[in-house]
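Have a look at the structure below before the remarks.
The values are calculated or read from the model by the stated rules, or taken from the named source; none is laboratory data. Remember, it's a predicted structure, so these values are computed and weren't measured experimentally. Here the Cβ positions follow ideal geometry from the backbone for every residue, glycine too, while neighbour counts run over all protein chains shown. Areas reflect the complete protein model, heavy atoms only, side chains present, ligands, DNA and RNA absent. Shrake-Rupley method; radii C 1.70, N 1.55, O 1.52, S 1.80 Å.
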Amino acid sequence: FELGIAPTDPNVWDGLARTLAGKGHTLDVYQATGLLLPRRDGQGVVDRFRNRLIFPIFDEHGRPVAFGARKIDPDDEPKYLNSPEHPRFKKSRTLYGLHLARPAIQKSKIAVIVEGYTDVIACHQSGIENVVATLGTALTDDHARILGRICDRVVLVFDGDVAGQKAADRAVEVFFETPIDVRMAVLPGGVDPAELLAQPDG
């Protein structure tokens with residue numbers, strides 16, 4: 001999954017910008033894709049992702065198009081940051097992990113949809129490879145259309161809490177307009193897939 005980390009120095013807010021400039025890169029393209037942000041005072045740029053675990057986001061063909069970033073310091077907010085949308089990256093048309101899950105989905109004709117990056121990774125590590133996730137957004141008609149080209153059934157595995165069940169209910173409606181058979185898997189005890197798989201008998 002090519003995870004990375006964006007380290008931070010409390011006194012340095014433009015480490016990536018300095019590194020890129022030092023290698024002769026023009027910063028405009030990195031600012032256009034949201035990796036760099038203009039300073040509030042209008043003088044120069046700062047790094048969008050600092051002190052975060054980085055999840056590269058690939059399109060269905062395996063091309064990197066964006067990044068997701070999870071906080072490391074519990075006091076940082078928000079918990080997750082995503083690259084802003086641009087012509088090559090639309091959340092409504094992107095499923096995390098699809099480039100890796102595609103062979104298993106096509107073979108089994110089943111796609112499993114979970115809610116987060118770590119859920120996808122935990123499933124793949126456990127040998128369940130036909131798993132993808134949305135990118136912090138509700139499932140869309142575009143998601144359903146993409147999956148409809150490669151599978152016959154979708155299994156929704158959303159978190160067992162109230163919010164997760166509501167999200168699953170809304171997701172089911174998306175597939176009502178497609179020929180895809182849709183199922184829901186309810187996890188016990190309010191856990192998410194990563195937590196369940198981490199249990200001794202998971």
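For the chain, give the magnitude of the charge dipole about the Cα centre (Cβ charges: +1 Lys/Arg, -1 Asp/Glu; no others), in debye to the nearest 20. Could you put the intermediate results ahead of the total?
Working: 24 positive and 28 negative charges, 140 e Å.
Once rounded to the nearest 20, the dipole reads 680 debye.
So how far apart, in nm, are the two label points at ARG88 and ARG149 if each is 7 Å from Cα heading toward Cβ?
For the pair ARG88/ARG149, the computed spacing is 1.8 nm.
Would you please state which residues of the stretch 116-141 a label at LEU197 would reach in this model, taking the label point 7 Å out along Cα→Cβ and a backbone N cut-off of under 18 Å?
Flagged as within label range: 116-136.
Pick the calculated mean projected area of the Cα convex hull in nm² for this structure from (1) 17.7; (2) 13.1; (3) 12.0?
Here the calculated entry is (2).
What are the ³J(HN,Hα) couplings of the stretch 170-183, residue after residue, when phi is run through the Karplus curve with 6.51, -1.76, 1.60 and θ = phi - 60°? Round to Hz, x for glycine and proline.
5, 5, 4, 4, 4, 8, 4, 8, 10, x, 6, 6, 10, 10
Which pairs break 31 Å Cα to Cα here: LYS71/LYS109; LYS79/LYS109; LYS23/LYS90; LYS79/LYS107? Don't skip to the end; give the middle numbers.
Numbers: LYS71/LYS109 35 Å; LYS79/LYS109 34 Å; LYS23/LYS90 29 Å; LYS79/LYS107 35 Å.
Pairs exceeding 31 Å: LYS71/LYS109; LYS79/LYS109; LYS79/LYS107.
For GLU85, what accessible surface area do you get with a 1.4 Å probe? Give it in Å², rounded to 10.
GLU85 exposes around 100 Å² with every protein chain in place.
Work out the FRET efficiency for GLU177 and VAL46 from their Cβ-Cβ distance, taking R0 = 45 Å, and round it to the nearest 0.05.
Once the sixth-power term is evaluated, E becomes 0.55.
Just how much of ILE146 is accessible, in Å², when a 1.4 Å probe is used and the result is rounded to the nearest 10?
Using a 1.4 Å probe on the heavy atoms, I get roughly 10 Å².
What number comes out for accessible area per residue over the chain if the probe is 1.4 Å? Units Å², please. Intermediate results must be reported in sequence, preceding the final value.
Values: 11180 Å² over 202 residues.
For the chain, the per-residue accessible area is 55 Å².
Keeping the other protein chains in place, figure out the carbon and sulfur percent of the accessible area of the chain, with a 1.4 Å probe.
Working: 5800 of 11180 Å².
Accessible surface attributable to carbon and sulfur in the chain totals 52 percent.
Would you mind checking which residues have amide H under 5 Å from ARG52's amide H? H placed 1.01 Å from N; only 5 or more apart, or other chain.
Those qualifying (amide H under 5 Å, at least 5 residues apart or on another chain) are ALA6.
If the cut-off is a Cα-Cα distance under 16 Å, which lysines reach LYS166, setting aside same-chain residues fewer than 8 apart in sequence?
Of all the lysines, none pass the test against LYS166 - Cα under 16 Å, at least 8 places apart if same chain.
How far, in nm, would the chain grow between ALA163 and ALA138 when pulled straight, counting 0.36 nm per residue and subtracting the alpha carbon separation? Before the final figure, lay out the partial values.
On the way: separation 25, 0.36 × 25 = 9.00 nm, distance 1.19 nm.
Extra length available between ALA163 and ALA138 comes to 7.8 nm.
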